[in-house]
Each structure stands twice: as structure tokens, then as C-alpha cells.
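K.L.:
My structure is below; once you've seen it, I'll send some questions.
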Amino acid sequence: MKILVADDDPILRAIVTAGLKAGGHEIHAVGTGAQAWDALKEYPFPIVVTDWSMPELDGLQLTQLIRRTPRATYTYIIMLTGRTKREDYLTGVGAGVDAFLVKPLDGAMLEAQVNIATRILGLQAHAKRLEAIITVCSYCHKVKHKGSWTPMESYVAEEFKTLPSHTFCPDCFAEKVEPQMRELGISTEGMTGL
């Protein structure tokens, strides 16, 4: 996962970067909120780990900019802070922060939050794929995918990493399957399409 880390403390930034890299993530680290905002304008990082207190543009202001800017995909924001008051938490949530980690940083908790973010972003991507318009041939039911016509089963397997199960809708069962079964002398009593 590509993660943007923004913290003005070079030691903490190095610790966070090393820990996330050890978890297999690709990290881009910066020292200010303004640098983070510039990086986000160049690349839509799916996860941002930011300190609250930074020069030029703090983590709260960075979060507000991210939330106000229309994006094709969601950015999950993890706020690192020494602030522990209820009011600070509510202010952060109101600005759009998804998760808080209190300093001193617990590396295992950071990785856990990144795992949560990854699951949420994966579900969002899956939902977007399901919502996409799929061009399907009315006769053979092949799907137009990447410029060619592909069997529905192949498309589903590639895009959703699963295989479809097969059945009959009630109309097709009544109009096609049931007459064919009767012709073959097979009873359809108690059978219906699903």
C-alpha cells in the first residue's frame, strides 16, 4: 500500500517510515503539512499518516483540505498526536480524521490501523467495481472487458477473484428449463428457479 507520512519530527518520521516499510508498504515521507499537500496533489495516496502539530500546515488543516477536495478514491487519515482530550478527538473526527494514535507511538497499533484502512479501502474499491456499468451481450452473455468480449465467468473470476454459481431465474426456469425437462420425462414437481 502506498502511504504518505507527514511529521516534522525527523526521528518519529524515520521510525514510522521504517516500521511501515517493514510491513511491506511503499512510503513517501515529508516534514510538513504543506509538503504533504503538495505530494497529495501529485499522487492520490490512499493512506495518510500525519502528525497533528506541524509547521506551515498542521495535520488538522491538511485533513480539512483533503476532505474538501473532490477525489475519485477515499483517503484514509491516521492522526498521530500527543493530544488526549475528548475535545481534540471530536475536533479531529469533525475535520475528517479516521483514526487516532496517541504518542508515544506503538508500532503494532499503527500497523493495525493500516490493516483496518486497507480493508476499508479494499471494500470501497470492490463496491466501485460492482457499481461500474458492465456491457453484456444480450444473446451469449459475454462481457465487453478491456476491448474484447469475454465469457461472464472469466470476467467475474478476474475482476472479483471469485467464481459465479449457476442457477435459473424463475422466468427462465418456467419458460425454458421446465419444458425441456418435461420433454425428457423428468418431473419438475417441487422445483423452481432461484
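A short reminder: the numbers here are calculations on the coordinates, not readings from a lab. All figures in this text were calculated on a predicted structure; none of them were measured in a lab. All Cβ positions, glycine included, derive from the backbone under ideal geometry; neighbour counts span all protein chains shown.
K.L.:
How high is the FRET efficiency from LYS103 to LEU123, r the C-beta distance, R0 41 Å, rounded to 0.05?
P.N.:
0.90
K.L.:
Once the other residues with Cβ under 12 Å from the Cβ of GLU178 are scored (Lys, Arg +1; Asp, Glu -1), what is the net sum?
P.N.:
-2
K.L.:
Output the peptides 84-91, 105-112 sorted from most to least packed, where packing is the average of other Cβ atoms within 10 Å over each peptide's residues.
P.N.:
The densest-packed peptide leads the list: 105-112, 84-91.
K.L.:
With the cut-off at 1.5 for a/c, could you classify the range 69-194 from its C-alpha gyration tensor as rounded, prolate or oblate?
P.N.:
Prolate is the answer for the range 69-194, as a/c is 1.5 or above and a/b outweighs b/c.
K.L.:
Check VAL5: other-chain or 5+ apart residues with amide H under 5 Å from its amide H, H built from backbone geometry?
P.N.:
Residues meeting the criterion, in which the H sits 1.01 Å from N, are HIS28, ALA29, VAL30, VAL49.
K.L.:
Sticking with this structure for a sec: Taking amide hydrogens as modeled 1.01 Å from N in the peptide plane, which residues meet the under 5 Å criterion relative to TYR76, leaving out close sequence neighbours?
P.N.:
Here the answer is ILE47, VAL48, since their amide H atoms fall under 5 Å of that of TYR76.
K.L.:
What is the packing order of peptides 36-46, 139-149, taking the mean over residues of other C-beta atoms within 10 Å and listing the highest first?
P.N.:
The peptides rank, most packed first, as 36-46, 139-149.
K.L.:
Using Cα atoms only, what is the angle between the long axis of helix 33-42 and the major principal axis of the chain, expressed in degrees (0 to 90) to the nearest 10?
P.N.:
It is inclined by approximately 30 degrees.
K.L.:
Which cross-chain or sequence-distant (5 or more) residues have an amide H under 5 Å from the amide H of SER53, H modelled 1.01 Å from N in plane?
P.N.:
Those qualifying (amide H under 5 Å, at least 5 residues apart or on another chain) are GLY59.
K.L.:
What shape does the range 28-129 have by the C-alpha gyration tensor, where a ≥ b ≥ c are the square roots of the eigenvalues, rounded means a/c under 1.5, and otherwise prolate means a/b greater than b/c and oblate the rest?
P.N.:
Verdict is oblate for the range 28-129.
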